[in-house]
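Below: the structure, in structure tokens.
The values are calculated or read from the model by the stated rules, or taken from the named source; none is laboratory data. Remember, it's a predicted structure, so these values are computed and weren't measured experimentally. No Cβ is skipped: glycine too gets one built from the backbone with ideal geometry, and neighbour counts run over all protein chains shown. All accessible areas refer to the heavy atoms of the entire protein, side chains included, with ligands and DNA or RNA removed. Shrake-Rupley method; radii C 1.70, N 1.55, O 1.52, S 1.80 Å.
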Amino acid sequence: MMVPSSKSWEWVGAGSTSGQCQQNPRMVGVFFINLLTLGREYSAHLRRSLMKLQNLWKQRTVGILLEYEKSGELRTKSIDLLELSSSTDVGALVEEIQKVEPLITTSRTQQLTLLVQRLQEKLAQHSDHSFYLFKVLRAHILPLTNVALNKSGSCFITGSYDRTCKVWDTTSGEELHTLEGHGNVVYTIAFNNPYGDKIATGSFDKTCKLWSAETGKCYHTFRGHTKEIVCLSFNPQSTVVATGSMDRTAKLWDIENGDEVFTLTGHLAEVISLSFDTSGNRIITGSFDHTVVAWDTATGRKMYTLIGHCAEISSAMFNWDSSLILTGSVDKTCMLWDATNGRCVTTLTDHDDEVLDSCFDYTGKLIATASADGTARIYCTATRKCIIKLEGHEGEISKISFNPQGNRLLTGSSDKTARIWDVQTGQCLQVLKGHTDEIFSCAFNYKGNLVITGSKDNTCRIWR
């Protein structure tokens, strides 16, 4: 459990709301439920504040959000319940919370207990969920390049070789907006989750564009790269968007005014992956030069270079508390690094072919890897041992992600299927069939009860 330090605060109030999240991701989507009701005297101001907090904290893991007053200023703090599961002793957990959090007095014990029990129920809601095909969308006239969900799962976006990005309503399948203006392939796309009110698109025309998710208006066109943009990411605060390019550089851009903040130079080959840490103070860039570099986002200076892979990097990400970095490579390995000093902690060497994707679960306790050898593996982060091998796909696995609850794993494969796996047993629970070509993108929404898949057959499928 991660609890911010606290001194003398005056209790004002707290609110009850709910939200769940995907991937990543980096930071990439996490499951947070804002549930703490400690009093009934809510002012209109507090109610409005809590409605805002509903959106601001959707990227977190399971936890409690507190609202308090310090020196006349309204503030918030979170208690992340990373250990909470269906088997957790609620009474013992409540005692632990009260020991370290002075804002929660003994008079609130019963209310806190009830709310933690509700969190448990939320976690278990979708554990036995069976997905069915809800919608098939033929999104573009030319092939798709990428698919991404907003955190609520209410809408998603698709990029295409037709030079556009489209915004879709997940429930109805209706096209909401077509984002037009790029002069070449729209290759990489993202929402500014957890907020979800902006979209970034990166193109082979060497530019990145920032759009309103609600109206489709283009706010800025970021120009400066000299070759194709192939990856991008918002920082968690949604103040900066980072782009990576075939020109061997990454750039940081100010979302508010559209200015370039820094150019990150030093790689000897294309930059193909980007990931911010949870604080937004660091970003890592993965390259075809076989290395990953960590940068200070406040200064644009290189902090250290992760050297150890002997082939191109396929993925790179921080864990939840930003203490570790996971990198995957086509050299058939994943490597785990200490994020404080850049030292290699271990190398995972079980795959027989290229590692195409890798990720942490939302607590950072587990690692999942996907490979061209047709298997996926789950590792214990603490022991660095493979605990489960997932077999069943008949082609390479290019995408892998945990659901926000951490009990399911989603894989997408060139065998035209996606699969849902039980994380504890390794059992394949469901095969999502219907695509007629390779699946290149797949993701859970933050409730874990919706999956979207994108395929080279030029369709997206929504599974509920």
Which of (1) within 26 Å of residue 456 (Cα to Cα); (2) surrounded by fewer than 19 Cβ atoms within 10 Å (Cβ to Cβ) is the odd one out, the single condition residue 254 does not satisfy? (1)
Report yes if residue 448 is surrounded by 24 or more Cβ atoms within 10 Å (Cβ to Cβ), among the small types (Gly, Ala, Ser) and at positive phi, otherwise no. yes
Just one listed residue, out of 114, 176, is surrounded by fewer than 20 Cβ atoms within 10 Å (Cβ to Cβ) and touching a Cys at 6+ places or on another chain (Cβ under 8 Å), and it is 176
Looking only at segment 352-376, count every residue that is open to solvent by less than 20 Å² (accessible area, probe 1.4 Å), closer than 21 Å to residue 309 by Cβ and not small (Gly, Ala, Ser) and tell me the total. 6
On the given criteria, is residue 381 under 22 Å from residue 416 (Cβ atoms), modelled with pLDDT of 95 or more, surrounded by 15 or more Cβ atoms within 10 Å (Cβ to Cβ) and of a type in the set (S, T, N, Q)? no
Please go through segment 182-211 and pick out each residue that is farther than 18 Å from residue 139 by Cβ, part of a loop (DSSP other than H, G, I, E, B) and not polar (S, T, N, Q). 183, 194, 195, 196, 197, 204, 205, 206
Starting from segment 254-270, keep only residues that are closer than 13 Å to residue 243 by Cβ, then list their pairs with residues that are acidic (Asp, Glu) and surrounded by 13 or more Cβ atoms within 10 Å (Cβ to Cβ) whose Cβ atoms are within a distance under 6 Å, requiring at least 6 positions of separation or different chains. 261/254
Restricting segment 74-111 to residues that are touching an Asp or Glu at 6+ places or on another chain (Cβ under 8 Å) and modelled with pLDDT under 85, the residue that is most open to solvent (accessible area, probe 1.4 Å): 75
Pairs returned, first residue in segment 220-233 that is more than 15 Å from residue 261 (Cα to Cα) and assigned to a loop (DSSP other than H, G, I, E, B), second residue that is open to solvent by 10 Å² or more (accessible area, probe 1.4 Å) and of a type in the set (A, V, I, L, M, F, W, C), beta-carbon separation under 6 angstrom, 6 or more apart or interchain, are 227/246; 228/204; 228/246
Which strands (runs of 3 or more DSSP E) sit wholly inside segment 348-464 and have at least 2 residues that are under 23 Å from the mean Cα position of the chain (by Cα) and of a type in the set (Gly, Ala, Ser)? 366-371, 397-402, 408-413, 439-444, 451-455
Scan of segment 418-431 for residues that are of a type outside the set (Phe, Trp, Tyr) and either within 22 Å of residue 85 (Cα to Cα) or surrounded by fewer than 22 Cβ atoms within 10 Å (Cβ to Cβ) (or both), ordered by number: 420, 422, 423, 424, 425, 426, 427, 428, 429, 430, 431
